[in-house]
Number of protein chains: 2
Amino acid sequence: MAVLLAQILAGEGQRVGLLDVDVCGPSIPHLLGVEDQPVLDSQWGWQPVVSPLGKIKTLSVGSLLSSQSQAVVWKGPRKTALIRRMIKDTLWGRLDTLVVDTPPGTSDEHLTIVRLLATTRPSGAVILTSPQRLAAGVVSREIRFCQKMNVPVLGIIENMSGFCCPCCSEVSEVFPGGAGAHLAEKYRVPLLGAMPLDLGLAEAGVSCGWRDSPVAQVVRDVVAKIKEKL
Amino acid sequence: MAVLLAQILAGEGQRVGLLDVDVCGPSIPHLLGVEDQPVLDSQWGWQPVVSPLGKIKTLSVGSLLSSQSQAVVWKGPRKTALIRRMIKDTLWGRLDTLVVDTPPGTSDEHLTIVRLLATTRPSGAVILTSPQRLAAGVVSREIRFCQKMNVPVLGIIENMSGFCCPCCSEVSEVFPGGAGAHLAEKYRVPLLGAMPLDLGLAEAGVSCGWRDSPVAQVVRDVVAKIKEKL
């Protein structure tokens, strides 16, 4: 979702940065097709990698590690120090929008990024959930965390919301539960949309072709709603 | 998978403990149907909650928090202190098997639990992956982490491996990629099995009814292979 949001905003002519603070599971470089591009370190700081599509400036621990499978244990203080460098010691240049992709949960990464960006007053958080009731606990804590830290919650997106059988076109709830609607009602925040699973999107990565996929219209609607709130 | 493994072992008469060290996303209490049971604190330590089915002794941050949606930020050192108490200051009693459910990644939780259990020489780690190639990076680091910390890798299980359409029975790869087989070959560890998505299992939780679900036989085969390795 972070990549799709960044790509749509970039397609409209915005200067977009995409920061991946998921230190243990960085996925942005793969999704943007910049897996093999290293981050250059200059005397003024790190130089973000620029994606071929949309010229999105991006920084991820996935581009900072020499090997993708390096067995690094990321303890809290080390995560905090890394994210600080990613914000403070990086040549982001002028940006219209900085999209930050966080891991699930409410831990070091979230506290660090919210504290570092506090003076710039971030526009808000878009909360992703899967449909299972089991997800509601984690996501509730994320919403309460945003409220406590004065980060406006722009809305909730339910991901993996149904699967369209390529054989008979029957749409099944792969993960039942309706957690998106339930959480939106409970915390009085908008439900921005429900994105079905999309084989084409999963196969292609998002660097090409997603514009023709069945979820494309859903994504465009969601992004339009996010932009309304900004 | 941790709950299914614990339930099968308990069904065979073993005394089983199930420790949930996923501090930010605890799901075990819900899955075992003990969500409303608090952990009792005595002068000798915490008393694990006992599940109605299988008499599994379980401890999870989900049972320790007063409200499920409490906005607690879990920084690294706080996670470490909690997990230490969960092992050292808890009245586990005599157990035949202690199953530990960890979050994804290689962070404070993993380092803490491996260090705390080092003297007891844990039998090994069962690594879960989803089928997408995107998952391979995180899972690779988990395997390398185990190797570095001298925890034997018992094998890999591919989860969410296909979806059987309830309308036409066509099995589709919801998430393509074959990451399970790919990782098993790359790191020369056994592929213990591939578990399809199962609506029945997702709806029911696992506290009842899973024994009749289509994945039941897959789960039994996987557990049999794990037991062989112990």
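Could you tell me the center-to-center distance, by alpha carbons, between the range A:1-17 and the range A:124-175 in angstrom? Each part reduced to its Cα centre gives a spacing of 21 Å. Here is how the number arises for chain A: DSSP H runs of 4 or more residues each give -39500 (n - 2.57), the sum is divided by the residue count, and the result at 222 nm is -10500 deg cm²/dmol.
In this structure, residue B:41 and residue B:167 have a Cβ-Cβ separation that, at R0 = 45 Å, corresponds to a calculated FRET efficiency of about 0.35. Between the beta carbons of residue B:85 and residue A:115, assuming R0 = 25 Å, the FRET efficiency works out to 0.40 to the nearest 0.05.
The modelled label-to-label distance for the pair residue B:12/residue B:150, using points 7 Å beyond Cα in the direction of Cβ, is 2.7 nm.
In peptide B:142-151, how many Cβ atoms from other protein chains are near each Cβ within 10 Å, on average? Each step should come with its number before you reach the end.
Values: counts 3, 2, 5, 4, 1, 1, 3, 2, 0, 0.
Across the residues of B:142-151, the mean count of other-chain Cβ atoms within 10 Å is 2.
Counting trypsin sites (Lys or Arg not before Pro) as exposed when in a DSSP loop with at most 13 other beta carbons within 10 Å, what is the longest stretch of chain B free of them? Here the longest run is B:95-187.
May I have the convex hull volume per residue, in Å³, for the Cα set of chain B? Could you put the intermediate results ahead of the total?
Working: hull volume 30.8 nm³, N = 230.
Dividing the Cα hull volume of chain B by its residue count gives 134 Å³.
Summarising the strand pairing of the range B:1-128, around 35 percent of its internal DSSP beta bridges are antiparallel.
Placing unit charges on each Cβ (+1 for Lys and Arg, -1 for Asp and Glu) gives the protein assembly as shown a dipole about its Cα centre, and among B:117, A:59, B:175 the Cα reaching farthest toward its positive end belongs to B:117. Solvent-accessible area per residue in the protein assembly as shown equals 46 Å², computed with a 1.4 angstrom probe and all protein chains kept.
Note on the range B:4-119: the alpha carbon radius of gyration divided by the globular reference 2.2 N^0.38 Å gives 1.01. For residue B:45, the shell of other residues with beta-carbons less than 10 Å away shows a net charge of 0, using +1 for Lys and Arg and -1 for Asp and Glu.
The Rg/Rh ratio of the protein assembly as shown, with Rg taken over Cα atoms and Rh as the Kirkwood radius over Cα pairs, comes to 0.95.
Can you give the charge dipole size of the range B:1-122 about its Cα centre, rounded to the nearest 20 debye, using +1 on the beta carbon of Lys and Arg and -1 on the beta carbon of Asp and Glu?
Using only the charged Cβ atoms, the result is roughly 440 debye.
Name the residue farthest towards the positive end of the dipole of chain B from the options B:153, B:4, B:164, assuming +1 on Cβ of Lys and Arg, -1 on Cβ of Asp and Glu, about the Cα centre. So the residue we want is B:153. Per residue of A:133-141, other chain Cβ atoms within 10 Å of the residue Cβ number 6 on average.
Would you mind giving the mean number of other chain beta-carbons within 10 Å of the Cβ of each residue in B:98-109, as a whole number? Working shown, then result.
Details: counts 0, 0, 0, 0, 0, 5, 4, 8, 9, 13, 9, 1.
Mean number of neighbouring Cβ atoms from other chains: 4.
Within chain A, DSSP assigns beta bridges of which about 25% are antiparallel (rounded to the nearest 5).
Give the percent of DSSP beta bridges with both residues in the protein assembly as shown that are antiparallel, rounded to the nearest 5. Antiparallel: roughly 25 percent of the beta bridges in the protein assembly as shown. Here residue A:75 is the anchor, and the aspartates and glutamates within straight C-alpha reach of less than 18 Å, apart from those fewer than 8 places off in the same chain, are A:20, A:22, A:108, A:109, B:22, B:108, B:109, B:142.
Packing-based ranking of B:19-27, A:32-40 yields B:19-27, A:32-40, ordered from highest to lowest mean Cβ neighbour count within 10 Å.
Size of the dipole of the protein assembly as shown about the Cα centre, Lys and Arg at +1 and Asp and Glu at -1 on the beta carbon, nothing else charged, in debye to 20? Could the numbers behind the result be given before it?
Details: 46 positive and 42 negative charges, 375 e Å.
Roughly 1800 debye, rounded to the nearest 20.
The A-B contact accounts for approximately 4000 Å² of buried accessible area, totalled over both chains at a 1.4 Å probe radius.
The values are calculated or read from the model by the stated rules, or taken from the named source; none is laboratory data. Nothing here was measured: the structure is a model prediction, and the numbers come from that model. Positions of Cβ are backbone-derived with ideal geometry, glycine not excepted, and every protein chain shown enters the neighbour counts. Remember, those area values only see protein heavy atoms, side chains included, never the ligands or the DNA or RNA. Shrake-Rupley method; radii C 1.70, N 1.55, O 1.52, S 1.80 Å.
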